[in-house]
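Laboratory data are not the source of any read-out in this text; all were calculated from the coordinates shown. Predicted model, so just to flag it, every value in this text is computed and none were measured. Cβ sites come from the backbone with ideal geometry, for glycine too, and all protein chains shown count toward neighbours.
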Amino acid sequence: MKIKFGVNTLVWVLDFSEKGFSLLEKTKNMGFDAIELTPGDEFRKMDPEKLHKKLDELGLEVSLCGIFNESNDISTDDAVIRQRGIDYMRDYTDWGKEIGARIIGGPLFSALGKKRYLPDEERKAEWDRSADSLKRIGEDAAKKGFIIAMEPINRFEIDMINTASQAIQMCEQVDNPSIKMMLDTFHMNIEDINIGDEIRASKKHLVHFHTCANHRGVPGNDHIPWGEVNKALNDIDYEGYGVIESFAQGEVAAFANIWRPLVEDQDDIPREGLKFLRKALK
């Protein structure tokens with residue numbers, strides 16, 4: 001197993017922009033191998049050549065995080081909105097390739113925050129629309145050498161793919177080498193019966209990993225079974241990023257339903273978390 005450790009910019013800001021370029025240096029100085037950018041729509045406002053140059057100067061690798069919302073949900077029955085989501089991913093992967101990224105992770109199958117009871121027939125129709133959209137996204141991504149890593153998200157944030165087994169099912173239905181999956185220990189702690197077993201079951205499709213505390217604080221100062229995680233990742237010979245994701249105090253944390261400070265110094269989450277993870281996952 002070989003993990004390159006990264007941190008998501010959501011630890012500090014909601015939408016990464018050129019104003020946050022200092023975070024690149026902070027990430028490098030903390031000892032990370034990579035940074036995961038969550039720019040929202042800000043990516044269209046950033047010069048990819050300038051950003052790529054800065055990443056290269058620092059020797060930082062980069063991954064991307066993305067979501068869909070009601071305006072570009074690829075699972076909706078509105079064909080115009082689905083197309084908007086497909087076009088969004090084409091734009092995002094074009095820009096991502098220019099900055100040197102090769103992977104985008106997130107709940108890239110439905111709109112984040114969509115939570116409804118649906119009859120089985122409607123649920124299946126929505127699922128199939130998402131799969132068809134992902135096939136089209138995958139065809140474009142494959143031409144660029146890009147990977148889309150779908151992330152199972154817990155039941156309180158989305159209603160389509162909550163577990164590793166559901167993500168596997170979607171990967172196999174889409175059947176495209178550019179449509180893969182990622183896992184996040186925060187969400188797995190809520191949804192999956194056995195974290196180690198689900199990591200092993202995901203071997204064929206798992207390309208990205210979020211190494212997060214069960215409370216979104218400092219990894220290691222929590223009850224995630226890190227020994228089990230380490231064994232499972234080694235069992236499948238995982239090679240990819242291990243990214244710490246948390247959320248800046250204030251408006252960003254509120255977006256993620258975090259209502260109390262997790263640490264006195266926000267930098268402690270990545271700084272102390274990285275120290276722990278380098279010992280725990282090897």
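Do you know which residues across the stretch 190-236 are in a helix (DSSP H, G or I), among the aliphatic types (A, V, I, L, M) and free of Cβ contacts under 8 Å to residues at least 60 places away in the same chain?
If the condition is that a residue be in a helix (DSSP H, G or I), among the aliphatic types (A, V, I, L, M) and free of Cβ contacts under 8 Å to residues at least 60 places away in the same chain, then Ile190, Ile195, Ile199, Ala201, Val229, Ala232 are the ones that fit.
Mind listing whichever residues of the stretch 41-53 are free of Cβ contacts under 8 Å to residues at least 40 places away in the same chain and either exposed (fewer than 14 other Cβ atoms within 10 Å of the Cβ) or under 28 Å from Leu281 (Cβ atoms) (or both)?
Asp41, Lys45, Asp47, Lys50, Lys53 - these are the residues of the stretch 41-53 that are free of Cβ contacts under 8 Å to residues at least 40 places away in the same chain and either exposed (fewer than 14 other Cβ atoms within 10 Å of the Cβ) or under 28 Å from Leu281 (Cβ atoms) (or both).
All but one of (1) closer than 23 Å to Lys28 by Cα; (2) among the aliphatic types (A, V, I, L, M); (3) surrounded by fewer than 18 Cβ atoms within 10 Å (Cβ to Cβ) hold for Leu277, so report the exception by its number.
Of everything listed in (1) closer than 23 Å to Lys28 by Cα; (2) among the aliphatic types (A, V, I, L, M); (3) surrounded by fewer than 18 Cβ atoms within 10 Å (Cβ to Cβ), Leu277 misses just condition (3).
Considering the stretch 25-60 alone, what residues qualify as being among the acidic types (Asp, Glu) and more than 19 Å from Ser246 (Cα to Cα)? Full working, then the answer.
Our first condition is that a residue be among the acidic types (Asp, Glu); within the stretch 25-60, this holds for 25, 33, 36, 41-42, 47, 49, 56-57.
Of everything in the stretch 25-60, those that are among the acidic types (Asp, Glu) and more than 19 Å from Ser246 (Cα to Cα) turn out to be Asp41, Glu42, Asp47, Glu49, Asp56, Glu57.
Residue pairs, Cβ under 7 Å, 6 or more apart or interchain, first in the stretch 55-66 and in contact (Cβ under 8 Å) with a residue 24 or more places away in the chain and hydrophobic (A, V, I, L, M, F, W, C), second assigned to a loop (DSSP other than H, G, I, E, B) and surrounded by 21 or more Cβ atoms within 10 Å (Cβ to Cβ). List them.
Val62/Ala101; Leu64/Ala101; Cys65/Thr38
Working carefully through the options Lys143, Lys50, Lys54, Lys97, find the one that is assigned to a helix (DSSP H, G or I), of a type in the set (Lys, Arg) and under 18 Å from the mean Cα position of the chain (by Cα).
Just one listed residue meets the conditions, Lys97.
Would you please list the contacts, defined by Cβ atoms under 6 Å and residues six or more apart or on different chains, that run from a residue in the stretch 90-108 that is over 18 Å from Lys45 (Cβ atoms) to a residue that is assigned to a strand (DSSP E or B) and among the hydroxyl-bearing types (Ser, Thr, Tyr)?
Partner pairs satisfying both residue conditions: Ile103/Ser63.
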